[in-house]
Amino acid sequence: MKLEIVVYPNKILREKSKKVEKFDKELHDLLDAMYPMMMESNGIGLAAIQVAHAKQVLILNIPDENDEQTEESLLEIINPIITNTSGQTSYQEGCLSVPTFYEDINRHELITVNYQDRYGNTKTMEADGLLSIAFQHEMDHLNGILFIDKLSYSRRKKFEKEYKKMLKEKKSSNK
Ligand code: Y12
Ligand code: CO
């Protein structure tokens with residue numbers, strides 16, 4: 001399966017992802033293709049809508065204490081629902097669909113998530129630290145929400161100006 005990362009301001013990123021009903025080869029092929037795409041792009045999280053598949057699917061691979069990402073730490077998350085939250089935290093987030101831009105975003109510190117694995121088994125997980133932040137960032141994608149939507153009005157205006165300039169420069173250097 002050939003995948004490409006969808007980049008802001010593409011409207012695909014605003015689509016709401018649909019619940020997965022079939023835990024079949026099509027789903028497994030999508031998950032199997034998302035993993036190398038995320039790793040090649042130096043990502044730690046990727047939602048299916050970022051590769052133009054509007055399914056409630058996301059993958060996460062948080063670096064360990066040696067800053068390494070192994071296949072064993074890969075999480076495949078289908079149809080996630082946050083059932084509990086506590087605390088507040090802030091982290092400088094980035095997104096493969098919004099290249100070159102990073103900004104501090106407020107999130108819940110601790111979350112409990114119900115989800116299904118690639119076979120449809122129901123699971124519950126508690127997440128804190130970077131995993132909790134990545135979960136919340138990727139789950140926002142399933143609802144068509146980007147981290148830039150959480151910026152203040154003035155910060156967002158500044159972002160739009162800088163981002164447009166970056167896209168223009170990128171386009172002219174590719175000519
Ligand atoms: C904390 C913050 C954000 C998340 C969501 C997942 N975000 C990512 O995985 C973002 C990755 C990313 C990688 C980039 O590529 C390189 O650094 C080589 C990148 O590059 C550029 O902007 C040029 C941007 C974002 C979870 C937890
Ligand atoms: Co993102």
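Throughout, read-outs are computed from the coordinates displayed, never taken from laboratory work. Owing to the predicted nature of the structure, the values given are computational and were not obtained by experimental measurement. Here Cβ is always computed from backbone atoms with ideal geometry, including for glycine, and neighbour counts include all displayed protein chains.
Some notes on this structure:
- When +1 charges are put on Lys and Arg Cβ atoms and -1 charges on Asp and Glu Cβ atoms, the dipole computed for region 1-117 relative to its Cα centre reaches about 860 debye.
- The chain: calculated mean residue ellipticity at 222 nm from DSSP helix runs of at least 4, using -39500 (n - 2.57): -10000 deg cm²/dmol
- DSSP-loop trypsin sites (Lys or Arg not before Pro) across region 1-105, with at most 12 other Cβ within 10 angstrom: 2, 16, 19, 22
- For the chain: relative contact order, % (alpha-carbon pairs under 8 angstrom, 6 or more apart): 22 percent
- log₁₀ of I(q)/I(0) at q = 0.18, 0.24 Å⁻¹ - region 134-175, Debye sum with one point per alpha carbon: -0.67, -0.81
- Counting only DSSP beta bridges whose two residues both lie in the chain, roughly 95 percent are antiparallel.
- Shown for the chain are the DSSP H helices of 20 Å or more along their axis, judged by Cα atoms, with a mean Kyte-Doolittle hydropathy of at least 0.0: 129-142.
- The Cα atoms of region 18-64 cover 32, 19, 17 Å along the three principal axes, with the biggest extent listed first.
- Overall Cα dimensions of region 1-93, principal axis frame, Å, largest first: 33, 30, 28
- For GluC sites (Glu not before Pro), the sites in region 62-91 that DSSP calls loop and that have at most 14 other Cβ atoms within 10 Å are 65, 68.
- Label point at residue 143 placed 7 Å out along Cα→Cβ; residues across region 64-96 whose backbone nitrogen lies under 12 Å: 81-83
- Compactness of region 44-127, expressed as Rg and Dmax over alpha-carbon positions, Å: 13.9, 37
- Here the scattering of region 102-175 is modelled by Debye summation over its C-alpha atoms, one equal scatterer each and no solvent; at q = 0.16, 0.20, 0.26, 0.27 Å⁻¹ the log10 of I(q)/I(0) is -0.75, -0.93, -1.20, -1.24.
- Cα-only radius of gyration and Dmax that characterise region 60-109, units Å: 13.6, 33
- Whole-number Å³ per residue for the convex hull built on Cα positions in the chain: 125 Å³
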